[in-house]
Amino acid sequence: MGPAANAFRQEVRDWLAKHWTPEKQAAHRRKPFKERGWDVEFSKLMGRDGWIGVGWPKEFGGQGRSATEQIAFITEMANSGAPSQAHGTAESIVAQALFAHGTKAQQDEWLSAIRRGERTFALGYSEPEAGSDLAALRTRATRDGDDWIVNGQKLWSTGGDKAEYMWLAVRTDPDAKKHAGISVLMVDLRSPGITIRPSLALYGKTFSAQFYDNVRVPAKNMVGAVNNGWKVITDALAAERVMIGGTRMARIESAFDRLTEYLKTAEAGGKALRNDPVIRDRIGALAADIEVARQFQMRNSRLVEQGKVPIHEGAMAKVFASELQERLGQAALDILGTGGLLSEEADSAPVGEMEQVLRHAIMGMIGGGTNEIQRNVIAQRGLDLPR
Ligand SMILES: Cc1cc2nc3c(=O)[nH]c(=O)nc-3n(C[C@H](O)[C@H](O)[C@H](O)COP(=O)(O)OP(=O)(O)OC[C@H]3O[C@@H](n4cnc5c(N)ncnc54)[C@H](O)[C@@H]3O)c2cc1C
């Protein structure tokens, strides 16, 4: 890290020390696990002080921070455990798509509200018959005056039971080739006709299915031109993979630091764990992998800075970081033994949260498009291999 990033890191730490107080942390930890991480009031506080949109270009009201500064920011946030999920999707995915595809009016209204932490989003892509083959989606939008009328069903939307808006992929032309008849709408989830059914994912947080029954959405909430949604979606998915790579990298690094700190003094059977050659071997390998994940993230942030969309680069970062998270979780459980299985809520857990790190890994491998699909993206888009 250069001096600018270190100074910025200190600024972030100072702000967190003042606003993410021990009292707030204790109150946060008293919430059920599925409620943690999503805190609209804290998002608004971050927005008030300019901490949403740290990496956004200045022309959109962001701080225009460099790649190294952005990484300093996300690692400090991960280390502190401060909640950022309420604004995360809007800030990192919806905003990136609005920079490229939003109208001036949409940018003015939506970006400033997102930056203030006032507009929370979930992503409505997947359907019962459309996952990896997302272009098979069937949720229908038909035009009626100044509105679109939406009918259909979405599935697996992370945070869909908490967010105010859905970034919704809909079919607007059922007769066109499947990629050519799709559009994107920003849908107020409080609109009449929407039923939301939450369920609990393996990693302990909720996602939701939603049913849309003649839901009216103002036409001004369409992002990009009618039937041009595939481009908007693929750009947004690239941003999502960059975000998954980045948040994973930060979380992994933070958990790894706690694990190595523990190993410095821990003993088993009267022997210091730090002297065990097998443990040192695994820790050394993980440290190298974490550095690779960090470099992937650095490259992606730089590409975004240059106005490029990191398609296969984003896919690489997501695949690598999510699989690294699994390796870290497994290594931690092997090293900590039964104690590693204790949840972070258990006072006696040697290094809290390790079993959750492992359960959480699966989300990064499937969410944002499975890692099998990402490897196809890398082969096709990165290496020009045929479909
Ligand atoms: C925790 C979690 C959070 C999620 N959050 C969201 C969200 O916020 N919004 C949203 O819209 N969706 C979300 N999803 C859904 C996710 O995007 C889909 O599950 C994913 O795209 C896979 O689709 P599918 O489940 O229909 O599986 P399928 O597409 O049916 O795939 C099944 C298996 O076949 C493999 N496969 C399929 N096609 C190919 C191929 N061409 N080549 C190689 N292998 C292939 C897949 O890799 C997978 O292993 C989430 C999923 C999870 C688990």
Checklist outcome for this item: Checked GLY204, GLY224 against criteria (modelled with pLDDT under 95 and either buried (at least 16 other Cβ atoms within 10 Å of the Cβ) or within 16 Å of the ligand (Cβ to nearest atom) (or both)); the one match is GLY204
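When only residues in segment 78-133 that are of a type in the set (Val, Ile, Thr) and within 26 Å of ARG9 (Cβ to Cβ) count, which is nearest to the ligand (Cβ to nearest atom)?
Here is the first cut: in segment 78-133, the ones of a type in the set (Val, Ile, Thr) are 89, 93-94, 103, 114, 120.
Applying the additional criterion that residues be within 26 Å of ARG9 (Cβ to Cβ) yields 89, 93, 114.
Details: THR89: 8, ILE93: 10, ILE114: 17 Å.
Filtering segment 78-133 for residues that are of a type in the set (Val, Ile, Thr) and within 26 Å of ARG9 (Cβ to Cβ), the one nearest to the ligand (Cβ to nearest atom) comes out as THR89.
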Checklist entry - With (1) among the polar types (S, T, N, Q); (2) assigned to a helix (DSSP H, G or I); (3) without any contact (Cβ under 8 Å) to a residue 12 or more places away in the chain as the list, and SER348 as the residue in question, which single condition is left unmet? => result (2)
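How about segment 136-170: which of its residues are away from the ligand (no atom under 12 Å from the Cβ) and surrounded by fewer than 23 Cβ atoms within 10 Å (Cβ to Cβ)?
Within segment 136-170, the subset away from the ligand (no atom under 12 Å from the Cβ) is 138, 140-152, 164-165, 170.
Result: ARG138, ARG140, THR142, ARG143, ASP144, GLY145, ASP146, ASP147, ILE149, ASN151, GLY152, GLU164.
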Checklist entry - Taking segment 28-43 only, how many residues are modelled with pLDDT under 95 and either more than 18 Å from the chain's Cα centre (by Cα) or part of a helix (DSSP H, G or I) (or both)? => result 8
Checklist entry - Quick one: is SER191 away from the ligand (no atom under 16 Å from the Cβ), over 27 Å from GLY53 (Cα atoms) and either in contact with a Lys or Arg (Cβ under 8 Å, 6 or more places away or on another chain) or not assigned by TED's automatic domain parsing to the domain that holds PHE320 (or both)? => result yes
Checklist entry - Given (1) of a type outside the set (Val, Ile, Thr); (2) under 27 Å from THR234 (Cα atoms); (3) within 14 Å of the ligand (Cβ to nearest atom), where does GLN356 come up short, assuming only one miss? => result (2)
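The values are calculated or read from the model by the stated rules, or taken from the named source; none is laboratory data. Since the model is a prediction, treat every value here as computed from it, not as a measurement. Every residue, glycine among them, receives a Cβ derived from its backbone with ideal geometry; neighbour counts consider all protein chains shown.
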